[in-house]
Amino acid sequence: MALADLAKYRGADREKILYEGAKKEGSFVWYTSLVPHKEISKVFMTKYPGVSIDIYRADGVILSNRISSEHQARRYIMDTIETTPPPLMPLRDNKMLMPYYSPHLVNYPEIAKEKADGDLVWWSTDRESLIGVGYNKNNFPAADLPKRFDDLLKPALKGKMGTANNETGARAIGGMIKAKGEEYVRRLKDQEPRPFASTAAGLADMIITGEVPISFTMVQTNLTQPAASRGAPVGWLPMELVPVNAGGAAVSANAPHPHAALLFVDFLLSPDGQKMYADKLFYTSATRKVSYEKWYPDKGLTTAEYEERADKWLKLLREISRK
């Protein structure tokens, strides 16, 4: 079958066909921004012996630019990609991705699917990192912990909060605007949040050491997984709306190894793949039901629309942060 037909195939023998084809192909090329890519490839190759993975790992923007350059030169190297939606969006807009079906999509909510024509997807969310309030239990009393956005305005938090002034921080601001409006965000300036020019992981380290008592721009995975926290007395809380840093699994429109590419994407979305993410890598799954509302900041937007909003959110974050 051609790639387009294979991607849509929904017979009961789909996994068998993909695996047999993948073993004949021998290997495939995976582009990803995921740090634990070696752990993921090991789990996959253990489940599907005879299929190896060649990995290129880089920042999502670098991946997107590299794929675009290869596409223009008609050098089709990448088979599948896993990264966050912003780098995937220009690939979608320029038809460099292949819409696909997976039998596991039935387990996912609509918000986790980037829908293509029919019931196919450009990508589906295979892992989630949630943005909320992170804190150091020794440096911040439990009685003062916020439970909703309005609680961030309490006098007890004045001068205590730190912010990651990057894209994660901007998405946190976008969630606040969606839930409470821009005027609410501007009121946070009176709380004197301290800006930090660091990654989300860097800010997590400052919470772990106690340098920063609390932050509303904290990614749960960076703070509470055992390898990151090193047993530190830290915690994480969701507000009523939780922005999501999602990872999407997609297939190249010109995948040289289509069977292996689709087999790998199916694996990432499968219960086994989701268990791997949760148990070994401490990501959350879009298939898990939660008591709060999740929000995907880039959902339904073009690349230009998302960039415009993200720039606005980041500008507002910088305006409210104490210099």
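The values are calculated or read from the model by the stated rules, or taken from the named source; none is laboratory data. Please read all numbers here as calculations on a predicted model, not as lab measurements. All Cβ positions, even for glycine, are placed from backbone atoms using ideal geometry, and neighbour counts span all protein chains on display.
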### Message
Here is a list: Ala12, Ala22. Which entry is surrounded by 14 or more Cβ atoms within 10 Å (Cβ to Cβ), in the same structural domain as Asp119 (by TED's automatic domain parsing) and either in contact with an Asp or Glu (Cβ under 8 Å, 6 or more places away or on another chain) or at pLDDT 95 or above (or both)?
### Response
Ala22
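Among the residues of region 60-83, is any touching a residue at least 60 places away in the same chain (Cβ under 8 Å) and closer than 22 Å to Trp295 by Cα? Can you show your working first?
Step one: filter region 60-83 for residues touching a residue at least 60 places away in the same chain (Cβ under 8 Å), giving 67, 71, 76-83.
With the extra rule that they be closer than 22 Å to Trp295 by Cα, the set shrinks to 82-83.
Yes: one or more hits.
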### Query
When you scan region 263-286, how many residues do you find that are at pLDDT 95 or above and of a type in the set (S, T, N, Q)?
2
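Quick check, is Ala304 small (Gly, Ala, Ser) and under 16 Å from the mean Cα position of the chain (by Cα)? Talk me through it step by step, then tell me what you get.
Numbers: small (Gly, Ala, Ser): yes; under 16 Å from the mean Cα position of the chain (by Cα): no.
No: the conditions fail for Ala304.
Look through region 68-90, keep the residues that are of a type outside the set (Ser, Thr, Tyr) and touching a strand residue (DSSP E or B) at 6+ places or on another chain (Cβ under 7 Å), and return whichever of them is surrounded by the fewest Cβ atoms within 10 Å (Cβ to Cβ). Walk me through how you get there before you give the answer.
First, the residues of region 68-90 that are of a type outside the set (Ser, Thr, Tyr): 70-75, 77-79, 81-82, 85-90.
Applying the additional criterion that residues be touching a strand residue (DSSP E or B) at 6+ places or on another chain (Cβ under 7 Å) yields 77-79, 81-82, 85, 88.
Numbers: Ile77: 16, Met78: 26, Asp79: 26, Ile81: 28, Glu82: 24, Pro85: 25, Leu88: 28.
Here the residue is Ile77.
Kindly provide the set of residues from region 218-262 that are among the polar types (S, T, N, Q), at pLDDT 95 or above and either under 20 Å from the mean Cα position of the chain (by Cα) or not assigned by TED's automatic domain parsing to the domain that holds Met98 (or both), ordered by number.
First, the residues of region 218-262 that are among the polar types (S, T, N, Q): 220-222, 224-225, 229, 245, 252, 254.
Going one step further and asking which of them are at pLDDT 95 or above, we end up with 252, 254.
Correct list: Ser252 only.
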### Query
Quick one: is Ile131 among the β-branched types (Val, Ile, Thr), surrounded by 22 or more Cβ atoms within 10 Å (Cβ to Cβ), outside any loop (DSSP other than H, G, I, E, B) and touching a Pro at 6+ places or on another chain (Cβ under 6 Å)?
yes
